[in-house]
Structure formats: structure tokens, C-alpha cells
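Read the structure below first, then the notes.
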Amino acid sequence: MSSTVDSIATPLVRGVLGALSSLGIALAVVVVPALAAQVAGTDSSATALDAILIGLSVLVLGHGGGIMVDTGVIAGPVTMTPFGLLILLLLLSALAMRRVGRALRPVRDDGVLRSGALRDAGSALGMYALVYAIGLAVLAGIGRSVDTSPVITSAVVSGLMVAVVGGVLGMLWSLRREPTDAVPGVRVLDLLPAPYGDVVRAALLALTGLFGLGMAFVVVMLLFSVPAQSALFDGLAPGIAGGFVLTLIQLALLPLAAVWALTVLLGGTIGVGTSTGISLDGAETGVLPALPILGALPEPGDFPAALWLLLILPTIPVALGAVRLVRDVAHLERREQITAWVAYPGVVIIACLLLAGLSTGGIGDGRLVHVGPQMSTLALPLIGIVVVSTALVIAVLVSPLIPWSRSTLGSVRARVEAAESSEHDDAEKQGEAGERGRHDAVAERSALLARFARRNAPVQAAASAAEEDPEGADDEIDAWALPAAEASADGAAEEVARDDASAMGEAEGNAAGAEESTAGAEESTAGAEEAPATGSARRKSWLSRRTDR
């Protein structure tokens, strides 16, 4: 075969090889645990062939097909799909076709699809799906036994569905490539025309969040029902190998239980048999199979009305997906944006209904003939939750509601800040005025005292000299010093009186300081008057001494 994929035989052969490898791995996944359980079950009368036949029946169920059972306890068709096994089979198909797609090299080194890439990919995918469906039908025919017999037509249809869905995902996965310095990167969703790639991306985000919400709810229920599950497990007494197989079966059913829990959270009802139902209103159950995971189901009875508040939880992932969509299509034209806004809730609703439909089934013709979500109770609340959540997000993010709210809050905030600033400025002005008044009063008082001290300096100096050296003062004081001292004392007294009157008229608050200054002036005046008198007495004794001479 040519390595450049010039021959049409190359993609066909690769598709056949990919289908055979996928079927081989899937067969090992179901047969090996069945053989392990048969070997470990010493009390069982089943042979290795019986274990292989049971494994083949489980393989058909895992693809979504049906089997006919007649074991005495259960009689009739069994169509309950273990979602965990179905997800694993889809992943195996995707991985196989991813390898085929990379081997076909549909993208050149410059990041452009090569000539004939779509033809080769379609040929490989078609051959893969055909061989896979035929191979599963052959295995279903081999798996027929006295107790169980897979339905071949359902095996073909379900095998074809798994091969096509998984194969398409694998081929798209093979196109993905990280960007380099010379070659641009390739993203699968970017290959879709706008705005459908953005719609698919937002829908995947919402569906992943919804499924995770259902899984979290199941885990919480399992944690609260550990004693009941332990009692069921002890009653079965499966042993080590049997316990391992039983655990695998429950893991395969865990995603199915997550879809059931999501149905209840969306406002729907799930049935676990005839005349039974579990919803947010209450639970009504009957006799159930002795499977430990079923011990997590609530006890029969009515639930509180407040439990309906759980409807808020599914709106969160739907709203997150809508937010992502609005941001991704913001740069597009209005017509394309409207197309995306309308397509997003439709895709989410259809996907949820499809999951709920695949999770329904039956076990025999008895009271478990219908197990799973009741579609008639799910459709209306699902539509309401998805549409209302999307509409609210669009109304908030696209309509002028947020800009108007921001402008309104901004204007109110600006007015409040302006009022606070004005009050602060007024308070500062009042404080500055009061401080200025206090400083003015202190300055006036200091100036008054300075003027008084300056004008009374000669008198005070003479008085101090007389007190220190009474005898030497007679030689220093001349005839003109006495009239000058007396005039200075009189003028100081008059000036102090005028200053006191002026100070009392200008500032009443400085009265105490003015009184102190006046008292000081009077004391200085008295001292000045005493100094001339002493000088006169001493002068007379000097004259008398002159006369005696």
C-alpha cells in the first residue's frame, strides 16, 4: 500500500482493521470478568462456555441492544442499557478511528486538507461501521443459549450507531493539531461554520455541567445510604471475584443512575416498575432487584415542598453555557447572533431528551417492564428551565439593562461622593477659621506685651542699677536722668492705659492678659517713682557735703 494514500484500498483496509480491533477489545472487556466470576464461583454450576455466552449478551446490552431472557425469575426482553459500558464502547471506537484518521493524514503540513482527504475518511468510516455492525451481529448470534438470546436486529442497529458516532468523533479528533511557529493549529469546532461551532461548544459545556450535577447527586445519595447497600451486599455474599464483578456492574450502571437523578432535578419523574415513581414530590417504590446500588433510592413517602428549590441547580450550567455563547458570538452580525441564541436551547433540550430516552428500558414482562425516566413528565419542565435560563442571560448581557444599571449606580455614587466632599470641605473651613481666630488672639496679646516691654526698658534698667549699686548710682545719674525717667514713667503709664482701653474694645477674650499687663505697668511705675526719690535724697547729702567743704 502507498504511504501517500493514493489507493482507495488503503482507507478501506484501515477501516476493517480498526473495526476488528475495536470488537476484540470490547469482547475482552465483557468476557474476562465473566470468566473470572465463573472460576471464583465454586457453588455455581455454570461452565466457562456459559460465562462467555453471558458476556456476549452483556456486550449487546452495552451497545444499546436487547436480549431475551427466560430464567424463571425474569422472563421477557431486557433492554436496560448500562451507560458506563456504552461510554466505554464509544471511546474505543473513537480511539480506533483516531488512529485510522492519523494514518490517512488528511491534513497537509501547511495545515490545509489534502486532495481526496474527505473521500478517504468517508471510505474508512463507512467500512469501519459496516464491519463493526456485522461483527456484533455475528457475536450476538453466537451468544444465543437456552436462558438468554440476544436480538440480532437490535445488535446490528445498536452496533451501527456506536460505530458511526464513535467513528465520527475519532475522525474529528484526528484533525486536531497544536499550532507551531510555521503551521497554524487545527481545532475541531472551529471547522464548523459560524455560529454553529460556538453553539456546539456552549451546548457541550451545559451538558457536561448537567451530567456532573446528576452524578454529584447520585454520589451524595450513595453516601447517605451506605448501611442499606452494605446489607444488600452481605445478603448476596458474592465472594471476592463475584464482588469484583458486581462492582463492575454497578460502575457500568452509575452513569445511568446519574441521568435518572438529573431527570428528577429537572422536574421529571422516573419509574422503577409499574405504578411507581420518584420525583421532587415524593417516592413510591415497590419490590426491586437485590442490587446494592438500588439501596440509594429514597424510602417511599412525600417530600417537603422546599425540595422544589432544587430546580435552581440545573439552571446554573445552562446559564453558564449561555454566557459562553453570548461572549463567543459578540463579534458576529446580529442575524448570526440571533441564530445562535435560538439554536443553543434547542440543542440542549434535544440532547437531554435523547439521554433520558436512552436511559429508559425494561427488565422482563413483569412489574419492571418500564424502568427509567417518564418522558411525558420531563419535556415541559426541561423546556422551561432551559429557555428561561437562556433568555435571562441574553436579557442581562445583550440588552441595555446592565449599561443602564451601571450608569444609574454611577450617577448615584457620584452624587453621594460630591455631598460627602462638600461636607468635608465645610468642616475643614470651619476648623481653619477657629484656628485662625485663636492664633490672632495669641498674636495680639504677644504684640501688646512686646510694646509694653520695649517702652519701659530705660526705667527698668535704671531701677535695677540703683538697687544693685546704691553708692555708685550717685556718680552715674546726672541731672538730666531724673526728668527723663519721670517723663518715661508717665508716658509709659499713659500708653499702657491707652493700650488697655484699645485691647478691651477689640477683643474681650484678651481681658485677662490686658489686666496682667496693666498690673505689671503699675508696678513698674511705682518703681520708677521710688527711684527719683532715692536719687534726690542722695543728691541732697552730696550738696550738704559740698557746703561743708
**Q.** Accessible surface, 1.4 Å probe, highest first, among residues PHE303, PHE224
**A.** PHE224, PHE303
**Q.** Potential extension, ALA391-ARG105 segment - 0.36 nm per residue separation minus Cα distance
**A.** 98.7 nm
Q) Ignoring ligands, DNA and RNA, what percent of the 1.4 Å accessible area of region 136-264 is carbon and sulfur? A) 76
Q: May I ask for the net charge around GLY126, where only other residues with Cβ less than 15 Å from the Cβ of GLY126 are counted and Lys, Arg are +1 while Asp, Glu are -1?
A: +1
Q.
Quick check for you: with a 1.4 Å probe and neighbouring chains kept, what is the accessible area per residue of region 286-399, in Å²?
A. 51
Q. Going by average Cβ neighbours within 10 Å, how do the peptides 414-423, 256-265, 63-72 rank, with the highest at the top?
A. 256-265, 63-72, 414-423
Q. Whole-Hz Karplus ³J(HN,Hα) for region 140-152, in order, using 6.51 cos²θ - 1.76 cosθ + 1.60 and θ = phi - 60°, x for Gly and Pro?
A. 5, x, 5, x, 6, 9, 5, 8, 10, 8, x, 7, 5
Q: Mind giving me the FRET efficiency for ARG367 and VAL219? R0 is 30 Å, r the Cβ-Cβ distance, nearest 0.05 is fine.
A: 0.60
Q: Could you list which residues have their amide H under 5 Å from that of GLY282, counting only those 5 or more apart in sequence or on another chain, with H placed in the peptide plane?
A: PHE303
Q.
Quick check: residue separation of LEU35 and THR180 times 0.36 nm, minus the Cα distance between them. What number comes out in nm?
A. 47.3 nm
Q. Can you give me the Cα centroid spacing of region 258-276 and region 335-355 in angstrom?
A. 24
Q) How much accessible area does ASP147 have with a 1.4 Å probe, in Å² rounded to the nearest 10? A) 80
Q | Derived scalar couplings ³J(HN,Hα) [region 306-323; Karplus, 6.51 cos²θ - 1.76 cosθ + 1.60; whole Hz; x for Gly, Pro] | A | 5, 5, 5, 5, 5, 5, 5, 4, x, 5, 5, x, 5, 5, 4, x, 5, 4
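The values are calculated or read from the model by the stated rules, or taken from the named source; none is laboratory data. Only a predicted model underlies this, so the values are computations on that prediction, with no experimental measurement involved. Methodologically, a virtual Cβ is constructed for each residue, glycine included, from the backbone with ideal geometry; neighbour enumeration extends over all protein chains shown. With ligands, DNA and RNA removed, areas are computed over all heavy atoms of the protein, side chains included. Shrake-Rupley method; radii C 1.70, N 1.55, O 1.52, S 1.80 Å.
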